[in-house]
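J.: Starting off with a structure, shown below.
The values are calculated or read from the model by the stated rules, or taken from the named source; none is laboratory data. Computed from a prediction, not measured in an experiment: that's the story for all the values here. FYI the Cβ positions are ideal-geometry reconstructions off the backbone, even for glycines, and counts take in every protein chain you see. When the accessible area is computed, the model is the full protein with side chains, heavy atoms only, and any ligands, DNA or RNA have been set aside. Shrake-Rupley method; radii C 1.70, N 1.55, O 1.52, S 1.80 Å.
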Amino acid sequence: MSLKGKRILVGITGGIAAYKIASFIRLLKKQGAEVRCMMTPASSDFITPLTVATLSENPVGLEFYDARTGQWTNHVEWALWADAMIFAPVTANSLAKMAHGFSDNFLLATFLSAKCPVFIAPAMDLDMYAHPSTKRNLAQLEADGAFIIPAESGELASGLTGEGRMAEPETLLAVLEDHFGSDESYKGKKLLITAGPTYEAIDPVRFIGNHSSGKMGFELAKAALQKGAEVVLISGPSALELSHPNLQLIRIQSAQQLLEIVQKHWSKADIGIFAAAVADYRPADVAEQKIKKSEDELTIRLVKNPDVLAWAAANKQADQQVIGFALETNNGVANASEKLERKQLDAIVLNEMNEPGVGFGGNTNRVQLIRKDNKITRFELQSKAETARALLEALIVK
Ligand code: CTP
């Protein structure tokens, strides 16, 4: 089974759902995983360290310093030991601390030392889960590269019913199995992915840009890495972060810089996915000093930017694949097919802006993949992470 021999570090914080971790540990052990657990002081009100130690067949990490043995527990060693860390349940309090880098207990210090993939399963009452600060903290942790296992809807300890229940142990297991799954379909493949907007300077402080968040490109990179690929991700200005041993993340500002970096890396790539929202035009002249508001009108002359995607397609070897993106407001399929043809692409991913749940900044997407033989695959409305996985699965079987 896929978790056989995998070292899973389970972090338990002080929520009522902690009692369910007993069965989660059993499920992990059944799949052949090696399990170590860490607990925050508050969590032992809900499940005893003895239960956790017995089920995991390993000592439990509780404190930096064990007063009984006089030994210091090395949280860095614990972090390096793990192939994956999963924190479940994570209370609103621990979540906030994790999002802000607090390390006032052993579990948090180990989290901060993680070099492996980290999974976070929040659990709290529905109002706490819905609070803007919780949402912000979850988004921050996701942006830092953690995988969030969303809470589910159901009966809560408070007697209320709503979103906030920790995902069931079976779901936690399925997420880990999926992560370590035997899907190594991109092993040995080198992907070049462009992401985010470009900023085209007007003067030293102003630019022309767009609202692209970079999410789709980052999710594609994440999914490709999970499937064993080596990835060069070239991103315009974006708040997103990603780190992985097989990832080279290069940040750029303008379309011209994007082109230069793509030109440097393209010949080594097997597949290029061009998800960046490149500005089509840039100011013809960039003012050396900040432009003062002297006249009533100001005209900025724009010139066309190089088309990075078209350059890659025109300079591709027979065994390279070039995938473009098209964001359309009307006549989606016709416009995207025209782009595919004109830029000589292998496939194009169509995003239709006028659909609800689709577009810049959001977390969901409904896309269609149009191939050069005009075969169209339609995907359902789903998270950008799921869209990314589905696209890569569709692309690998040409
Ligand atoms: N693209 C690019 N370089 C550019 C412009 C676009 O690499 N200078 C890529 C985008 O990353 C995307 C695809 O081209 O994969 C489609 O971009 P889009 O701007 O929609 O296409 P255009 O051909 O510029 O058509 P439109 O007239 O709709 O802007």
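J.: Go ahead and set up a Gaussian network model of the chain, Cα springs under 10 Å, then flag whichever of D373, D104, D346 fluctuates most.
T.: D373
J.: If you don't mind, another one. Among the listed pairs K222/K343; K4/K97; K264/K339; K6/K268; K6/K375; K6/K187, give every one whose C-alpha distance is greater than 28 Å.
T.: Where the Cα-Cα span goes over 28 Å, the pairs concerned are K4/K97; K6/K268; K6/K375.
J.: For the chain, give the magnitude of the charge dipole about the Cα centre (Cβ charges: +1 Lys/Arg, -1 Asp/Glu; no others), in debye to the nearest 20.
T.: 820 debye
J.: Additional query: Filter the trypsin sites (Lys or Arg not before Pro) in the range 156-264 to those in DSSP coil with at most 12 other Cβ atoms within 10 Å of their Cβ, and list the result.
T.: K187
J.: Three principal axis extents, largest first, for the C-alpha atoms of the range 183-394, in Å?
T.: Principal-axis extents of the Cα atoms in the range 183-394, largest first: 60, 38, 32 Å.
J.: Among the lysines, which fall within straight-line cross-link reach of K215, defined as a Cα-Cα distance under 21 Å, with same-chain neighbours fewer than 8 residues apart omitted?
T.: K135, K190, K227, K384
J.: Under a crude label model (7 Å from the Cα following the beta-carbon direction), how far is E386 from W81 in nanometres?
T.: Label at E386, label at W81, 3.6 nm between them.
J.: Provide the gained length on full extension for the span L302 to Q257, in nm with one decimal, where the gain is 0.36 nm per separating residue minus the Cα-Cα distance.
T.: So the chain would gain 14.5 nm between L302 and Q257.
J.: Let me ask something additional. Of the residues A121, A82, A284, which exhibits the maximal mean-square fluctuation in a Gaussian network model of the chain defined by a 10 Å Cα contact cut-off?
T.: Result: A284 has the largest fluctuation of those listed.
J.: Just the number please: accessible area per residue for the range 226-289, 1.4 Å probe, all protein chains included, in Å².
T.: About 49 Å² of surface per residue is accessible.
J.: Tell me the carbon and sulfur percent of the accessible area for the range 94-252, rounded to whole percent, probe radius 1.4 Å.
T.: The computed percentage sits at 52.
J.: Under a Cβ-Cβ cut-off of 13 Å, what is the net charge of the residues other than A239 that fall near it, where Lys and Arg count +1 and Asp and Glu count -1?
T.: 0
J.: Rounded to the nearest 5, what % of DSSP beta bridges with both residues in the range 7-180 are antiparallel?
T.: Around 25 percent antiparallel, to the nearest 5.
J.: While we're on this one: 5 Å is the cut-off here: which amide hydrogens, built 1.01 Å from N in the peptide plane, fall below it relative to G11, excluding neighbours closer than 5 in sequence?
T.: Residues meeting the amide H criterion: M38, I86, F87, A88.
J.: Using only the Cα atoms of the chain, what do you get for the radius of gyration and for Dmax, in Å?
T.: In Å, with Rg to one decimal and Dmax whole: 23.9, 77.
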